[in-house]
1. Hand me the trypsin sites (Lys or Arg not before Pro) from region 31-65 located in a DSSP loop with no more than 10 other Cβ atoms within 10 Å, in residue order please.
2. Tell me, what is the FRET efficiency for S55 and M18 to the nearest 0.05, using R0 = 22 angstrom and their Cβ-Cβ distance as r?
3. HN-Hα J couplings of region 142-153 from phi, Karplus 6.51/-1.76/1.60, θ = phi - 60°, integer Hz, Gly and Pro as x?
4. Starting at the first residue of region 186-202, write each ³J(HN,Hα) from the Karplus equation 6.51 cos²θ - 1.76 cosθ + 1.60 with θ = phi - 60°, in whole Hz, x for Gly and Pro.
5. Quick one: which residues, 5 or more positions from S221 or on another chain, have an amide H under 5 Å from its amide H? H modelled 1.01 Å from N in the peptide plane, none for Pro or chain starts.
6. Report, in deg cm²/dmol and to the nearest 500, the calculated mean residue ellipticity at 222 nm for the chain, where each DSSP H run with n ≥ 4 adds -39500 (n - 2.57) and the sum is divided by the residue count.
7. Pick from E282, E178, E138 the residue whose mean-square fluctuation is largest in a GNM of the chain, springs joining Cα atoms under 10 Å.
8. With the Cα gyration tensor of region 67-202 in hand, convert its eigenvalues to equivalent ellipsoid semi-axes via √(5λ) and list them largest first in whole Å.
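Bear in mind that the values in this text are calculations on the coordinates, not laboratory data. Source: prediction; values computed, not measured. With ideal geometry, Cβ positions are generated from the backbone for all residues, glycine too; neighbour counts draw on all protein chains shown.
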Amino acid sequence: MSDRRTAEPGPALPQVEMHLHPPDRPARGVVVETYSCTASPKSAAFVRHIVLDVSGSDLPGRIRAGQSFGVLPPGTTEQGRPHKVRLYSIANATGGEGGDENLIATTVKRTIDEHWETHRLFLGVASNWLCDLQVGDEIRVTGPNGKRFLLPARPDDHDYVFFATGTGIAPFRGMVRELLSRPDHRSKIVLVMGSPFGTDLLYHKEFRALQDTHPNFTYLSALSRESQPDGSPPMYVQSRLGSHAELFRGILSTERGLVYACGLAGMELGIVQGLYRLLPAEEFARYVTLAPGLESDPTGWTRRMIPREIAPTRRMFLEVY
Ligand code: A2P
């Protein structure tokens, strides 16, 4: 993989700091805000935007959009061991939530499931604890983590396509805000957010408001279990590459283009296939390097071919889980 990745130069990334607070020396975070960030209370999902004050720790000013931080849930596992660190993406721009570097934000979806065999209720430990927290509650925070899923060191030299499914939107909330708040910003930005239903879209009003006030920012949604507001059929995020082909070609056909995807594992294959159908071979090669023999037909490609046979270049940033 490394050989192919080095073939296509990517943007220089900023230096980041990591592990300022390891699990044995966590920072203290205090909840200062927590609100539901789904488009409608009718959503079957419970997702909260949670803001923590980390003043007094080593974190203020030293954590970038695209990085994550850890939380240490209180209590122990069924085996009596302390809970392990859980990582959550930063949802604010570098510089802190609302420009206050003491504040870091994240996006947390309650994990509520039924065990496939026993049909017993399963509740995610960390996500439900985080979503239960009230303003004023204290938690233990670790990190920062991550040094690859970042905006480039020279952000204005690029145009951006961001694909998110579900809470994969968190880093893009930060990145979009960061890019749009730059003086004289000129990057073109397209954000595609995928959700089952319109009620589940995250930060929907916020992105619509940003689109209304920034002509270089386009916000698209992709609903997978109902028709789109314009009547077109259910779709995944990658289908937007086809429905808005000119918009995406305008960004991705130049040297400035970068692609980011964050969310459900599996989305990266659809995006790569969509890019293949959108772009001529020499432009596609900026984003993805194909092993010999794969060039002619993307329908037979599988996820397991990524990254060995279908190798994203350094112009494509993937964070899937
Ligand atoms: P679906 O679940 O209808 O198959 P959430 O995390 O809020 O459930 O949203 C995840 C979104 O990503 C859903 O709309 C889900 O669709 C969609 N999704 C699932 N698999 C893929 C995939 N392989 N590529 C793109 N989107 C996907």
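1. On the way: sites: K42, R48, R62, R64; in loops: K42, R62, R64.
Within region 31-65, the qualifying trypsin sites (Lys or Arg not before Pro) (loop, at most 10 other Cβ atoms within 10 Å) are K42.
2. Values: r = 20 Å, r/R0 = 0.92.
Computed FRET efficiency for S55 and M18: 0.60.
3. Whole-Hz 3J(HN,Hα) from phi for region 142-153: 10, x, x, 10, x, 9, 10, 8, 9, 5, x, 5.
4. 9, 5, 8, 9, 10, 10, 10, 10, x, 8, x, 10, x, 5, 8, 4, 9
5. Answer set, sorted by chain and number: M193.
6. Values: 8 runs with 63 residues, N = 321.
Taken over the chain, the calculation gives -5000 deg cm²/dmol.
7. In this elastic network of the chain, the residue with the biggest mean-square fluctuation among E282, E178, E138 is E282.
8. Working: eigenvalues 197, 74, 33 Å².
Semi-axes, largest first: 31, 19, 13 Å.
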